[in-house]
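The values are calculated or read from the model by the stated rules, or taken from the named source; none is laboratory data. Since this is a predicted model, take the numbers as computed values, not measurements. Every residue, glycine as well, gets a Cβ built from its backbone with ideal geometry; the counts of neighbours run over all protein chains shown. These area figures cover heavy atoms from the full protein model, side chains too; ligands, DNA and RNA do not enter into them. Shrake-Rupley method; radii C 1.70, N 1.55, O 1.52, S 1.80 Å.
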Amino acid sequence: MFGGKLIRIETNESLPEVIKSLGDGYVLFSWREGGDLRRAFLFVSSGEVVGAFVESVLQGYAREGEAAVEDIENALAGGLVRAYELYAASSREILSERPTLRVSSFPFASISGDNVEGLLKLYRSFSGWLQVRAGDREWRLVVENGMTLKAHLTGENLLGDEAVLSLLREFGHVIKNGTYRFFSGTARLPEGSEVVEHSTSFLDVVESFQLKRVIESGLSF
């Protein structure tokens, strides 16, 4: 449909790892939903998702760009996708011919607040932005390989290091009631959101929680 050359089929790596390793091209995957078969294309440029397309093979509908995101996100969150086909192609050329495929960002992973192990695995190698929600509070972090570069507590408008500290104070609540959503792309955070002193503090706290769990699990035997 979009041309390109098949590089490989991946069944072991997570989607963030697949996107990062592809660099430029697109990722094709399919899943069954009810009595339907659906296919999705994620267009990647410089390791970021820049476009999306989903189609129903049996029901005959298609969605492009932002309209395709929810269907794809639900399939990924529901564990319906088992394999990814990686294609080398020029995403820029494809999107220049079909600009309706463009997306500003893509939520390629969503995990519950108590999944500390899953959070650590993604956060350490992740580049993009992370949305942390707990109740009516929402933090947005720009992240690169375990470093928090920018932070914003929306609503209360705390920025930078202050936003990070507020998240650390609420982390126990986040674990019980929160969610983490990892987005490919660039978040637009307000001016002054740069993190200076606490760029590794969030990672340090999450690692401490995980270590505590490991120790407590060992003591339970």
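The number of residues in region 167-188 that are open to solvent by less than 30 Å² (accessible area, probe 1.4 Å) and touching a residue at least 60 places away in the same chain (Cβ under 8 Å) comes to 9. When the residues of region 94-113 are filtered to those that are among the hydrophobic types (A, V, I, L, M, F, W, C) and under 30 Å from Gly172 (Cα atoms), which remaining residue is modelled with the lowest pLDDT? Top of the filtered list is Phe108.
When each of Gly51, Gly47 is tested for being surrounded by 15 or more Cβ atoms within 10 Å (Cβ to Cβ), in contact with a helix residue (DSSP H, G or I) (Cβ under 7 Å, 6 or more places away or on another chain), modelled with pLDDT under 90 and within 20 Å of Gly3 (Cα to Cα), the lone residue that passes is Gly47. One residue alone among Val164, Val195 is open to solvent by less than 40 Å² (accessible area, probe 1.4 Å), touching a His at 6+ places or on another chain (Cβ under 9 Å) and either without any contact (Cβ under 8 Å) to a residue 60 or more places away in the chain or not aliphatic (A, V, I, L, M) (or both), and that residue is Val164.
Yes or no: Arg102 charged (D, E, K, R) and within 24 Å of Glu144 (Cβ to Cβ)? It would help to see each step written out before you state the result.
Values: charged (D, E, K, R): yes; within 24 Å of Glu144 (Cβ to Cβ): yes.
Yes, satisfied.
May I ask you to verify whether Gly113 is in contact with a Lys or Arg (Cβ under 7 Å, 6 or more places away or on another chain), of a type in the set (Gly, Ala, Ser), touching a residue at least 60 places away in the same chain (Cβ under 8 Å) and not assigned by the TED database to the domain that holds Ile9?
yes
Name the one entry in Glu13, Glu64 that is more than 26 Å from Ser125 (Cβ to Cβ), acidic (Asp, Glu) and open to solvent by less than 70 Å² (accessible area, probe 1.4 Å).
Details: Glu13 fails: more than 26 Å from Ser125 (Cβ to Cβ).
The unique qualifying residue is Glu64.
For region 117-134, the criterion of a residue being touching a strand residue (DSSP E or B) at 6+ places or on another chain (Cβ under 7 Å) and open to solvent by 70 Å² or more (accessible area, probe 1.4 Å) is satisfied by at least one position.
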